[in-house]
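Contents: one structure, followed by commentary.
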Amino acid sequence: MRDHLISVKNLSVQYKSDLETVYAINNISFSLKKGETFGLVGETGAGKTTTALAIMRLLPEQTGRVTGGTVEFEGRNLFGLQEADMRSIRGERISMIFQDPMTSLNPVMSVAEQIAEAMELHNRDNRSAEDIQKRVDEVLSMVGIPSSRKHDYPHQFSGGMKQRVVIAMALACEPVLLIADEPTTALDVTIQAQVISMIRTLRDRLGTAMIMITHDLGIVAQTCDNVAVMYAGELVEVGTAEDIYTSKVHHPYTTGLFGSIPNLRSKTSRLTPIPGLMPDPTNLPEGCNFSPRCPKKMDICDSEPPCIYGNGTHLISCHLFGGLDGWRKEAE
């Protein structure tokens, strides 16, 4: 694991109130090397954003709790660091593009002030105010915003331009890891394509590793080297982009996701949605979380959680793969 930039191992997260406990993340593991892009895909409510917030140690203080596991970044366990040490990592070594650009910016600060703030906080090179402003101009140029607009306020920008500003803020200190939490959700299709193209270009130019969180398999195909499919707080399938997009063998949930995507080459007039809803996270099924919706459910699925089976780089958590040729049970 020494060659991994970040390694998430057996991570579990719960949200607790006086009345109930939400089992948001349940024993997930994945890793990422320098310069790689890792896609985390699944339905709304699957636990993708909670995973990102746990990595950043930004879970709500009153309710969110990491109940198990570790996150090792550059050889250090983030959960074992003092808060002051974690603050020195956020924004400089790890940055995050939050889901909604409309609420990610301070409405009473200009764009330049907000970008400069991160650089002033992490100013280890003792940059002068003039140098910081030059860097502000540089990152705005990188995301396609002219420096003449740097003194404008967020309300003076469109949704797509706000997202570009948020990306500029995240890249200002040249982090080695960028977490992009559904960076195109609030944008129209044309602007989505522009933002994704820009993120790819910036990633390649800066050599930044990235965790791309999305529910859009099309975005994953365009940007990611490795992919994890998440369902009800668990990773049900993990593999390379080739494993996920070219293999004929998948977890039934992944098959359902692909069935929900329009195919312009097909004459089928209707999509094939996954029936039902995700289980109540306060009362998860005793066996497989997907069993109430699974078209291939067996009796064992209702009573026993599935093991993880592997075929090279391709991992699937499903009872169907027990004893299947070419698939072996992975160590816990």
When all Cα-Cα pair distances of region 14-116 are considered, the percent exceeding 16 Å is 67 percent
What's the FRET efficiency of L324 with Y153 using the Cβ-Cβ distance as r and R₀ = 56 Å, to the nearest 0.05? 0.45
Could you work out how much longer the chain between V249 and D302 gets when fully extended? Use 0.36 nm per residue separation minus the Cα distance between them, nm to one decimal. 16.9 nm
Enter the Cα centre distance for the pair region 188-207 and region 129-183, rounded to the nearest angstrom. 13 Å
Value of Rg/Rh across the chain [Cα atoms, Kirkwood radius]: 0.98
Ignoring any ligand, DNA or RNA, what whole percent of the accessible area of the chain comes from carbon and sulfur when the probe is 1.4 angstrom? 49 percent
Quickly estimate the mean residue ellipticity at 222 nm for the chain, helices only: each DSSP H run with n ≥ 4 gives -39500 (n - 2.57), and the total goes over all residues, rounded to 500. -8500 deg cm²/dmol
Kindly flag which residue pairs out of K16/K150; K16/K162; K33/K297; K9/K297; K33/K329; K297/K329 have an alpha-carbon separation exceeding 30 Å in this structure. K16/K150; K16/K162; K33/K297
Where the centroid of each part is defined by its Cα atoms, how far is region 81-107 from region 7-76 in Å? 16 Å
Once the in-chain neighbours fewer than 8 apart are removed, the aspartates and glutamates whose Cα is under 13 Å from K48 read D181, E182, D216, E234
Considering only region 110-263, what is the antiparallel percent among its DSSP beta bridges, to the nearest 5? 55 percent
Heavy atoms only, 1.4 Å probe, whole protein assembly: order S141, S291 by accessible area, highest first. S141, S291
Residue-normalised accessible area of the chain, expressed per residue, 1.4 Å probe, Å²: 51 Å²
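The values are calculated or read from the model by the stated rules, or taken from the named source; none is laboratory data. This is a predicted model, so every value here is computed, not measured. Glycine also receives a Cβ, built like all others from the backbone with ideal geometry; neighbour counts cover every protein chain displayed. To get the accessible areas, we keep the full protein, side chains included, count just its heavy atoms, and leave off ligands, DNA and RNA. Shrake-Rupley method; radii C 1.70, N 1.55, O 1.52, S 1.80 Å.
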